[in-house]
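Okay, so here's the structure we're looking at.
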Amino acid sequence: MITISLFPMIVPPHFTLWQAASSDRTQAYLLVGTLVLLPAILMYTIWSYWVFRGKVRADIGYRGGASKTAITKKSCVFHIKGSAE
């Protein structure tokens with residue numbers, strides 16, 4: 001509400017919205033950068049979800065209990081000692 005009541009003053013009474021805005025060239029540069037990078041980020045996110053789909057099950061994981069591939073303290077000690085020899 002306070003923003004609407006103070007419009008167009010950004011830092012009352014020093015700057016208006018148009019005085020605080022960056023130049024047209026800067027805004028155009030940022031727009032082009034956003035138009036290039038945003039689709040790239042979205043495509044990478046979609047691709048990563050596609051690659052890793054079905055790899056995680058609800059019954060296996062951090063809170064899902066023990067799994068067949070769980071690393072125990074004993075197995076870690078064995079591997080560390082075994083690799084040093």
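The values are calculated or read from the model by the stated rules, or taken from the named source; none is laboratory data. The shown structure was predicted, so the numbers you read here are calculated from the model rather than taken from an experiment. As a convention, Cβ positions derive from the backbone with ideal geometry for all residues, glycine included, and neighbour counts pool all protein chains shown.
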Problem set entry | Verdict on residue 25 being exposed (fewer than 10 other Cβ atoms within 10 Å of the Cβ) and modelled with pLDDT of 60 or more | yes
For this session: For residue 73, work out the one condition from (1) over 23 Å from the mean Cα position of the chain (by Cα); (2) of a type in the set (Lys, Arg); (3) at pLDDT 70 or above it doesn't fulfil.
Result: (3)
